[in-house]
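What follows is calculated from the coordinates using simple rules that are stated; it is not laboratory data. Bear in mind the structure is a predicted one, so any value in this text is a computation, not a measurement. We place every Cβ from the backbone using ideal geometry, glycine too, and count neighbours over all the protein chains shown.
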Ligand SMILES: Nc1ncnc2c1ncn2[C@@H]1O[C@H](COP(=O)(O)OP(=O)(O)OP(=O)(O)O)[C@@H](O)[C@H]1O
Ligand SMILES: [Mg+2]
């Protein structure tokens, strides 16, 4: 679904730009509302008074360099971390006070791989169906439906350690879809995949978006993906949101031939900083752990 570009408006404050989306027809309900959302790790403020509104039915991209605070924001939204200040609600339900209700409405593909390599694809999805309280009677249909939606019916009986990277990511999407979520949260869904596998994953997500009335919140470091698939994006840097808007309008605000890469650089400084290096080390450790587990 594409929104009208709307009229750009600069919010008060030195470095935050908000581009209002003017929606056709009736106003939509908010799928996600973050107000003053804040999280600190010790003295380090990872998420710093974030205000964010994602409308139902949108595909929304949270963009920013390593260490910007994207995953920490998502972990508060998915109830895995409790906000230290401010609040986040999903479809009108407060995540801190009613975490179980929020969890039931969310499908989450984490940044780290979450499939068990020693189980079959089908067993992994069944595990999630049980975790997410899919009623026993509906479970079989939901599991097969999720596997089919991600093109994994034929491979479903094989152990995951025989899957390619792209198939594993699609399996994790099937896991996230098994409880028919209203909000699908994808933290770097295509990281580490080759260009063909990336396109493949996105085609499955796009097909899904056509058939299900679902809101999608995603992070990615691939600006081409954000440009193609997101209705709106937010640029996050050092814990705060620096700009929000449609990719088209954010690009237009920088100049005629600006790309989303230019937008990213403009709002995030485009330089490596200490956090980036920390993020790199963390990512390498994660990749090694994952490789050990899957190998
Ligand atoms: N468990 C933790 N303990 C201490 N600091 C953490 C922890 N998790 C994240 N941080 C720090 O919080 C900041 C935000 O991290 P976060 O993982 O949210 O960033 P991100 O935008 O998701 O980055 P990436 O693009 O690398 O995934 C970083 O400075 C990071 O080092
Ligand atoms: Mg992250």
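Full extension of the chain segment joining residue 35 with residue 117 gains 25.7 nm, where the gain is 0.36 nm per residue of separation less the Cα-Cα distance. Estimated from the Cβ-Cβ distance and a Förster radius of 45 angstrom, the FRET efficiency linking residue 212 and residue 252 is about 0.90.
Listing 35, 89, 97 from fewest to most neighbouring C-beta atoms within 10 Å gives 97, 35, 89.
The gain in end-to-end length when the residue 131 to residue 148 segment is fully stretched comes to 4.1 nm, 0.36 nm per residue minus the alpha carbon separation.
Among 106, 241, the ranking by other beta carbons within 10 Å of each residue's beta carbon, starting with the fewest, stands as 106, 241.
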